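Below you'll find the structure, written out as structure tokens, and then a few comments.
The values are calculated or read from the model by the stated rules, or taken from the named source; none is laboratory data. Nothing here was measured: the structure is a model prediction, and the numbers come from that model. With ideal geometry, Cβ positions are generated from the backbone for all residues, glycine too; neighbour counts draw on all protein chains shown. These area figures cover heavy atoms from the full protein model, side chains too; ligands, DNA and RNA do not enter into them. Shrake-Rupley method; radii C 1.70, N 1.55, O 1.52, S 1.80 Å.
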Amino acid sequence: MKKVTINSVASHAGVSKKTVSRVLNNEPNVSAATREKVLAVFKELDYTPNPIARGLAQNRSFIIGCLYDNPSKSYITRVQTGALEACKENNYNLLIHPCEFRGEALINNIEQLLQTSRLDGIVLTPPFGDFAELVAFLKSKKIPYARVASALLQDDSISVRSNDEQGAFEITEHLISLGHKSIAFIKGHPDHSATQQRFKGYRRSLASHGIEFDERLVEEGNFSYHSGVDSARSILDLSPRPTAVFASNDYMAAAVLKLATQRQLKVPDDISIAGFDNAPIARHIWPGLTTIAQPVEEMTKQAVTQLISHIAQPQEQPYQVTLESRLITRESTSAIK
């Protein structure tokens, strides 16, 4: 069978080779009708671009890196899902790079990654998008980047986030509307901006109802299930015990639920429990967790899509958007008895 080339596609579609290249790389300056015609020929001829030849021709690797450090496997899976979808739509590949380094060791690790992988750009997931030294390093190396769920660092770069502060406010409002006034709170990892934003929303809701903030009701977690167990133990040992617990993610909330059940407490009759993120565990356990649905896949997909677009044609005004979160009420919360 004769190999289908970019010249074959151009001839079959009746357009120039440059136009095919622009469609292939999802570049602007191609009409919608022409783009559709070329895409139809791709499918008709079963055309698959040669990544090596494509990279050499445009001096690109067509690889996007995704940097992450998060103890929640569910969160990382959702990040990868969004990133992969965007890469597939734009004929890019994705390189996932876990990283636990901080400070100078982090910079050295990323520099080595860039030297060995020839990334066209990099996506910074929490907490890396708020690390000023890392952002400054990428700028110095002229590496395009996009930030996901970054709320602290003010930077003129591509940024897609959700409103964690408002989400935490709404879930605390929900608990207060059910009559709860003694609401414990479990923080997330101290490096993540979401931790501060969610704590801020929790406190704003308490203040708006004239409920005095009580430091004894706050525990330090790190978004892991095990940290949720430790925090739950401290909270459930309190006397008087709080009537509700709001954990900064669903895995820590699930840990509270398990420990409460082990202590013969009925959820939500004896204690209400809420989480954040709407991870699969929130709907797979019983009772199902009241939580905040955060659009993790969509945030990452938009960040990667905009990054690829910026690589093809740099934008003067960076794409920056905040997506809405949504309260989901399930069986783990109810009116105070």
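Among strands (runs of 3 or more DSSP E) lying entirely in region 73-184, which contain 3 or more residues that are surrounded by fewer than 22 Cβ atoms within 10 Å (Cβ to Cβ)?
Answer list for region 73-184: 93-98.
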Check your understanding: Out of all the residues in region 271-293, which are touching a residue at least 60 places away in the same chain (Cβ under 8 Å) and open to solvent by 10 Å² or more (accessible area, probe 1.4 Å)?
Key -> ASP277, PRO280, ILE281
Exercise for review: Could you list, in sequence order, all residues of region 212-226 that are modelled with pLDDT of 95 or more, part of a loop (DSSP other than H, G, I, E, B) and open to solvent by 30 Å² or more (accessible area, probe 1.4 Å)?
Suggested key: GLU212, PHE213, ASP214, GLU220
Point to revise | Residue identified as assigned by the TED database to the domain that holds ASP130, touching a Ser or Thr at 6+ places or on another chain (Cβ under 7 Å) and modelled with pLDDT of 85 or more among LEU67, LEU113, LEU94, LEU106 | key: LEU67
**Study point:** All positions within region 1-42 that are in contact with a helix residue (DSSP H, G or I) (Cβ under 7 Å, 6 or more places away or on another chain) and open to solvent by 80 Å² or more (accessible area, probe 1.4 Å)
**Key:** ASN7, HIS12, LYS17, ASN29, LYS37
Revision key, fill the gap. Of (1) surrounded by fewer than 18 Cβ atoms within 10 Å (Cβ to Cβ); (2) in a loop (DSSP other than H, G, I, E, B), VAL267 fails just (1)
